[in-house]
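Notes follow the structure.
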Ligand SMILES: [Zn+2]
C-alpha cells in the first residue's frame, strides 16, 4: 500500500514535466498553436529584422475562431461594445490573438468611448505595421500585427497625450495576459 502511494506521488510529480515535454516536441501541432495565442510569444529577430509568421488560409482557419478569422485574416470589424476587452482595466499585456506578439500595454490603454479597446501607442514601434486603407469610402490607416499580418484595427490622429494617436483595436484580435 505504501509503495502504491509512493508510486502515485511520483506519477503526479512527473505529470507537469511530461506534458510540457510533449508540448515542446509537438511544436507544429494544432494543440500547440491554440495554446500559443493567449500567452506572450516574444519576437525573434534575424539580422535585426523581425522574423515573420506565414501561414496558409487553411492553417489560420484551423487555429482561429470564426470571428477571429473574420477580423484577423479578412479585415473584419467586431461590433462596438461586444468584445471582451474594451472595458478591461486590469494591468497586463495585450498580445496578438494570431501569434502572441506583445502589441499593447495596459499602461497606454484609455477609455475612448468607442466600444473598442483603445491605446495611444503600441509597445514598440516595430510590432505594428500600418497601411493606408481607403475602403468603405473612408481615408483611414489600418494597423496589423507586424509578425503574422493579422488585422488589428485602425489608428486615428485624435487620441490623448502624449502621442495624440488612437489605436482603435478589435478585442477579438487581442488576447490579454494579466501582469
Ligand atoms: Zn500576430
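Each reported figure results from applying straightforward, stated rules to the coordinates on display, with no laboratory input. What you are looking at is a predicted structure, and each value in this text was computed from that prediction instead of being measured. Note that we place each Cβ from the backbone using ideal geometry, even for glycine, and neighbour counts take in every protein chain shown.
Using Cα-Cα distances under 8 Å and only pairs 6 or more residues apart, what relative contact order does region 37-178 have, in percent?
With pairs under 8 Å counted, the relative contact order is 29 percent.
Label points 7 Å out from Cα along the Cβ direction at residue 107 and residue 65: separation in nm?
Modelled inter-label distance: 2.9 nm.
Round to a whole angstrom and tell me the spacing of the C-alpha centers of region 39-100 and region 163-179.
After rounding, the separation between the Cα centres reads 10 Å.
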